[in-house]
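Have a look at the structure below before the remarks.
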Amino acid sequence: FHAIGHPALILNAERTILAANQAVSKLIGKPSSEIVGRPCFEVFHDPGGEGPPPDCPVGRLSAGAGLQTGEMEMRTLGGVFLVSCTPVLDSQGRLQKIIHIATDITQRRSAEKALRESEERYRELVERQSEGIGIVDSEERFLFANPAADDIFGVPAGTLTGRTLAEFTDPEEMDLIRKKTDERKAGRRDYYELWIRRPGGEKRLLLVSAVPRTGPDGGYTGAFGVFRDVTDMRRAQTERARLELQLRQTQKMEAIGHLAGGIAHDFNNLLTVINGFSDLLLVRIPPDGPHRREIAEIRKAGESAAALTSQLLGFCRSRPTETRAMNPAKTLSAMQGMLRRLIVDPVDLRIAADPACGEILGDPASFEQVVVNLALNARDAMPAGGRLTVELSPVVLDEAFVRNHFGARRGPHVRLAVEDTGIGMTEETRLRIFEPFFTTKKEGKGTGLGLFVVYGVVRQFGGTVWVSSEPRKGTRFELFFPVAEGPERAEDREAEASEEGFSGVKVLLVEDEDPVRQVVRSMLESLGLEVLEAASADEATQVGKRYGGAVQVLLTDIVMPGRNGYQAAEEISRAHPGIRVVFMSGYADVDPESSCGPGTGRQFLRKPFTRSQLARKLRDALTL
Ligand code: ADP
Ligand code: MG
């Protein structure tokens, strides 16, 4: 009894300690005589307590029960013990004594507790994780899957386990899976993307990280995988990349526009001189006079040059010179005959204009030009014939559309769709088609200005243009024009101004470039006006001081070295409030619309201009 290494007691049936071995004395640090005769529970469990603890195995030693064990905390011994109580019975089978041996299991218990806590932690880590976590065997069958994995695969909770990856992947993805499995067998681990198909058919993109799992012999037994559903993220990325591309395209066109506008402006000044003097000569030389034919040719070439620069300038202007509401459906209908002459067999032309289309703000002639340019391109794209559809319909652009289409605005629009079944174009071509002088056509065939003009006009209308095309699959252009707000219809100013009736009118002409000033002076004089000249704003105010009251019209360039035309006009009109002002400029970005026009006593004339355009503006200025 004393030699037993574990603390051992002999109790009577009432749990009074009859003997305690040396291990007990050692443990409690008292000789056994001090505890013999006292109830065991009082000594070991609960000094001063009521009675034995409810889970005491001694309590179970009633009527004939054999050995009883139980785990108990012994407060006085400071630990948890496995208690085994062996009954000692008399010849009638009555409980005489109890041999009570306790084994210290404190360490085992705390190890178990630590294990349980650790298990709990790992379980939470895996189960609460938003990343899918799974274990597959060498056949890609799930041995384990966390709740996020069930979610990602779109199956009810707990049902991914037992299913194979092959059930969720299209056959073409299996190659990738096999390749990755082989790599893992070779001990490699990496990230890869995998498309899966949920039971409902929806495809999702997973970013997978898998590491090999090996058996005790080191052989490959499958993989531990962590995966994330990146479908939405990827979509957002593609979206952003697309918008960035759209932004870059817009910026490119802006830059090109500035460049073209700069050149066109200088050109326009030259053309003002060339065309102006040609006009004058043509007025002066009698119909059968010498060199009349040659001069007419110069004038004609100048006309074409002016048309070209006005195309370039048209692009650069952010607002049309003549802003008015137009009915695109009517315009398109009126163009039918012309289009049908342009687009002939073997191209089948279909035109549909929904009369419900609202009015849009812009110049009808520009709109026609857009339709013609697009139709001609479509025709060129279908040398062997095909179908060309020109369609006008009302649409409302919503938030979603605007988010995906850089530069588009919300609200009611008119959509012009021009679609062909022609040769289409490559992505590379598509990104460049709006550039001026970009053409894929044979020399002499294409100018590369058609779509440049389309782009510029669309911008003037405040709209956007989109292209979808694939080689051999045809092309579809979609143009969106914002519907004009309110009924602000500019009155038609068609009445041709007469060139008569300017005699005696005094005009102050301000222009810094000598040749331009000369030609404009000649035009004014040929119309019968009396001309005073100034080469700068300062000079103009001087002349204004001297002649002010006598001058009816101030005709001034806007952009000049030193003070500009606006400032000159300000000063002179302050001194002479009745004076009428006509501004002229070749700059595309000069935007005088806000301060000029009917009712303001101010007019704007874009260079280069003809003698009769000048006459019309002067007439407008004088009558309003
Ligand atoms: P051009 O017609 O003088 O070549 P554009 O500016 O009108 O100039 O067009 C530029 C280029 O865009 C064309 O050369 C062609 O490559 C391409 N393109 C335009 N419209 C179409 C279309 N409907 N189908 C295929 N390619 C087109
Ligand atoms: Mg073209």
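Values for this structure:
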| read-out | value |
| --- | --- |
| Burial order of peptide ranges 606-613, 75-82 (average beta-carbon count within 10 Å, highest first) | 606-613, 75-82 |
| Candidate lysines for bridging to LYS545, where Cα separation is under 24 Å - those fewer than 8 sequence places away on the same chain excluded | LYS506 |
| Separation of the GLU443 and ALA241 label points, Cα + 7 Å toward Cβ, nm | 3.9 |
| Part-to-part distance (alpha-carbon centres) for the range 225-300 and the range 96-117, which is given in Å | 92 |
| Furthest towards positive pole of dipole, TYR455, HIS405, PRO608, structure part the chain, Cβ charges | HIS405 |
| Zone of GLU131's modelled label, taken as backbone nitrogen in the range 222-258 under 16 Å from a point 7 Å along Cα→Cβ | 223-231 |
| Positive-end residue, the range 350-455 charge dipole about Cα centroid, Cβ charges, pick of GLY446, PRO364, VAL395 | GLY446 |
| Global geometry of the range 416-467, whether rounded, prolate or oblate, following the gyration tensor of its Cα atoms and the 1.5 cut on a/c | oblate |
| Residue-wise HN-Hα coupling along the range 272-281, computed from phi with Karplus coefficients 6.51, -1.76, 1.60 (Hz; x: Gly, Pro) | 4, 5, 4, 5, x, 5, 4, 4, 4, 4 |
| Dimensionless Rg/Rh of the chain - Kirkwood Rh, Rg from C-alpha atoms | 1.41 |
| Electrostatic dipole magnitude of the chain [Cβ: Lys, Arg +1; Asp, Glu -1; Cα centre; debye, to 20] | 580 |
| Under the Karplus curve 6.51 cos²θ - 1.76 cosθ + 1.60, θ = phi - 60°, whole-Hz ³J(HN,Hα) for the range 201-217, x wherever Gly or Pro sits | x, 6, 8, 10, 9, 10, 9, 10, 10, 10, 10, x, 10, 10, x, x, 8 |
| R0 of 25 Å, Cβ-Cβ distance HIS258-ARG430: FRET efficiency to nearest 0.05 | 0.65 |
| Straight-distance crosslink candidates among aspartates and glutamates, where the alpha carbon sits under 16 Å from LYS445 and sequence neighbours closer than 8 are dropped | ASP380 |
| Degrees, to the nearest 10: 171-185 long Cα axis against longest axis of the chain | 50 |
| Over 26 Å (Cα to Cα) - which of LYS442/LYS607; LYS441/LYS473; LYS300/LYS607; LYS180/LYS473 fall in this group | LYS442/LYS607; LYS180/LYS473 |
| Total charge dipole magnitude, the range 219-300, about the Cα centre, Cβ charges on Lys, Arg, Asp, Glu only, Debye to nearest 20 | 180 |
| Surface per residue (accessible, 1.4 Å probe) for the chain, Å² | 52 |
| Packing-based ranking, highest mean first, of 108-119, 85-96 given that Cβ atoms within 10 Å are counted | 85-96, 108-119 |
| Listed peptides 247-256, 37-46 by packing density, highest first (mean Cβ within 10 Å) | 37-46, 247-256 |
| Extension reserve of the GLU297-MET233 stretch, reckoned as 0.36 nm per residue once the Cα distance is removed | 16.7 nm |
| With every protein chain in place, the range 40-172: carbon and sulfur % of accessible area (1.4 Å) | 51 |
| 0 to 90° range, to nearest 10: angle between helix 106-127 axis and the chain longest Cα axis | 20 |
| Charge dipole (the range 213-358, unit charges on Cβ, about Cα centre) - positive-most of GLY219, ALA296, GLN237 | GLN237 |
| With Cα atoms, 0 to 90° folded angle of helix 292-316 axis to the chain main axis | 20 |
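The values are calculated or read from the model by the stated rules, or taken from the named source; none is laboratory data. Keep in mind that this is a model prediction, so the values were computed, not measured. Neighbour counts run over all protein chains shown; Cβ positions are idealised from the backbone, glycine included. Quick note on the areas: whole protein, heavy atoms, side chains included, nothing else; ligands and nucleic acids left out. Shrake-Rupley method; radii C 1.70, N 1.55, O 1.52, S 1.80 Å.
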